[in-house]
Each structure stands twice: as C-alpha cells, then as structure tokens.
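Following: one structure in structure tokens, then a few remarks.
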Amino acid sequence: MVKIKASRSYRAFQVANAVILMGVVVVTLFPFVNIVARSFSGERYVRSGEVNLLPKGFNLTTYETVMSDPMFWTNYRNTVVYTVVATAIAMVLTTCYAYVLSKKHIKGRGLLVGIAVFTMFFNGGLIPNYVLVSGLGLRNTIWAIVLPNAISVFNLLVMKAFFESLPEELEEAAAVDGLNTYGTLARIVLPLSKAVLATMILFYAVTYWNSWFSAFLYMDRSELFPVTVYLRNLIAGATSGTDQSASSDTSLQVAANIKAVTIVLTCLPIMLVYPFIQRYFVRGVMLGAVKG
C-alpha cells in the first residue's frame, strides 16, 4: 500500500478545521453545562451570577421540591404516554403518505404533494383550530395533542425523497415473487429504511416531548397535563412568589434555579435516548435529502 503524504496546505486546513470545530463545540456546550451547574447551586450564588461551569453552594432543594410532588410523576407519565402514542401514529401516517407520494405513476400525485406543501405555509389559525378541536369533543383527551400535528410536512418530504432513492428493481422483484403493495412496504422497503425511520422517530419524539402549548390550550385538568406544562406552571408560581417579602428560604431557592432544573428534567430523557439512535441520525437525513 502506497501512503500519500498530505500537503502542507491540507495539514493547515485540518488544523484550522479542528480548531474551528472545537470552538463550535465549546460555544454549544457551555450554556448547557452552565444550566446544569446552576440547577445544583445555592440561591445566593445563582442570583449573584457567580456560577459558571461548576456548582457553587451545592443544593438539591429545588430537585427535592419538584420530585417529591406526586403530580410531577403523574404529569411525567402523561408525557411518556403522549409522546409514545403520538410518535407511533405520526410515523404510521407519515410513512404511508410518503410511500404513496414516492410513486410517480400514481394518479393525482401532484395534487397530494400540493396539499401537503400548502399546509406548510397556510393554516386555519389559533381560534379556528380551537373551535374545531372543541367541536369534535377532543378537549381534555390525548387526541387533542396527537391528531392536530400528526404529520410534519418536512418529515414527509424527507421520507418521500428517501423512498424515491430506493431502486425500483427491488419492488419489481417483490411483485414477481407475489408480494402485494403492503407486503412490499413491510418486508422490503421498511427494513431498508431503518436510518430514515430512526431519524423521523427522533424528530417526532423530541417535538412531542417538548410540546406544551397544545396541552395548555386544550386541557384544563392538571392530572392530564404533560410535565412541560407542570414545570411551566411551577416557574410561573416561583416567579410570582419572589415578589412576596415573606418568602421562605425554600421558596427563594426554588425561585432562583427553577428554570435551570426545569431544563435539565425536560432534556434528560431525550439525552439518554439519543446515543442509541445517533448512528442512524446523519445517515438518515442525508439519504433522504440527497439523490445520486
């Protein structure tokens, strides 16, 4: 094997590239590390802005206050249920719709694509959507969160492009072997689409996990709230509590770092899941966006 010696300009490019990327990593990670440090810091140090990368005055009062509330765990369970159900429904609908749009011989394909793209730029608005959801009797149910946002057009177009990049000969061979459309999709197409499916699952799961406005709008019973609404209300309560001069030390501590604790508790599950599907992430997006 012949080794090709890298030129001086290429080595300089590698060094500059590494330095720039390290800078990007530092700039990206610093705010989150600072948030984690603030979530474990004492109230006096948080308010004086002395916390940087390491906690000062180590304190778990806010975590204990939040996690000792039974409603927190009820709402956390709601979030898990909402995310799993909504992601499953969204993946079924998006996959089926994208597979249909990827077939150029389908009559009315252009119209179906146009309908999907139209919704990216126009929608009924907040009040009509609220009237529609209320009129269908979906308020205070999981379907108020799941159904209105069941298909993301961006995800739909990425999956459509990915399906179009698959060789047509594979499906023709499956048809010769006697598989119908559903069998071809289930036994040929989907096993070859693990990368883009994992990517879409991540996109949908993160969206539904972080979503709070739909629940805030369509639900008025606290036991049905997702954890994001619970933490939002906790922040609002802690903020208003700081205006009272008779606040206890615990209330002051909670008010000081409740936002940091909220961010950590909300991001933690996604951060734990992400490493397991990270290897599919970049490959899935690129395969769905680039045609060779």
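The values are calculated or read from the model by the stated rules, or taken from the named source; none is laboratory data. None of the values given here were measured: they were computed from a predicted structure. No Cβ is skipped: glycine too gets one built from the backbone with ideal geometry, and neighbour counts run over all protein chains shown.
Met200 meets all of the listed conditions (1) in a helix (DSSP H, G or I); (2) at pLDDT below 85 but one, namely (2). Scanning the range 43-75 for residues that are surrounded by 18 or more Cβ atoms within 10 Å (Cβ to Cβ), in contact (Cβ under 8 Å) with a residue 60 or more places away in the chain and hydroxyl-bearing (Ser, Thr, Tyr) yields Thr61, Thr62, Thr65. In the range 250-277, the residues that are over 17 Å from Trp73 (Cα atoms) form Cβ pairs under 6 Å with partners that are among the acidic types (Asp, Glu) and assigned to a helix (DSSP H, G or I), at six or more places apart or across chains, as follows: Leu252/Glu43; Gln253/Glu43; Ala256/Glu43. Within the range 54-72, count every residue that is among the polar types (S, T, N, Q) and part of a loop (DSSP other than H, G, I, E, B). Number satisfying all stated conditions: 2. Applying a threshold of 7 Å to beta carbon distances and a minimum spacing of six or more residues, or different chains, the list of pairs starting in the range 211-223 at a residue that is closer than 13 Å to Asn233 by Cα and in a helix (DSSP H, G or I) and ending at one that is hydrophobic (A, V, I, L, M, F, W, C) and at pLDDT 85 or above reads Ala215/Ile145; Ala215/Phe225; Ala215/Val229; Phe216/Val229; Ser222/Met71. Which of the helices (runs of 4 or more DSSP H) contained wholly in the range 89-169 include at least 3 residues that are of a type in the set (A, V, I, L, M, F, W, C) and surrounded by 15 or more Cβ atoms within 10 Å (Cβ to Cβ)? Those helices (runs of 4 or more DSSP H) span 143-146, 153-165.
Just the residues that are small (Gly, Ala, Ser) and outside any helix (DSSP H, G or I), please, taken from the range 35-48. Once the filter is applied, which keeps residues that are small (Gly, Ala, Ser) and outside any helix (DSSP H, G or I), the range 35-48 yields Ser41, Gly42, Ser48.
This table checks each residue for (1) hydrophobic (A, V, I, L, M, F, W, C); (2) at pLDDT 85 or above.
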{"site": "Val15", "(1), (2)": "yes, yes"}
{"site": "Tyr76", "(1), (2)": "no, yes"}
{"site": "Val80", "(1), (2)": "yes, yes"}
{"site": "Ile89", "(1), (2)": "yes, yes"}
{"site": "His105", "(1), (2)": "no, no"}
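Being of a type in the set (A, V, I, L, M, F, W, C) and part of a helix (DSSP H, G or I) narrows it down to one of Val51, Val15, so name that one.
Numbers: Val51 fails: part of a helix (DSSP H, G or I).
Exactly one of Val51, Val15 is of a type in the set (A, V, I, L, M, F, W, C) and part of a helix (DSSP H, G or I), namely Val15.
Is it true that Ala6 is outside any loop (DSSP other than H, G, I, E, B), among the small types (Gly, Ala, Ser) and either over 21 Å from Asn233 (Cβ atoms) or at pLDDT 90 or above (or both)? Answer is no for this residue.
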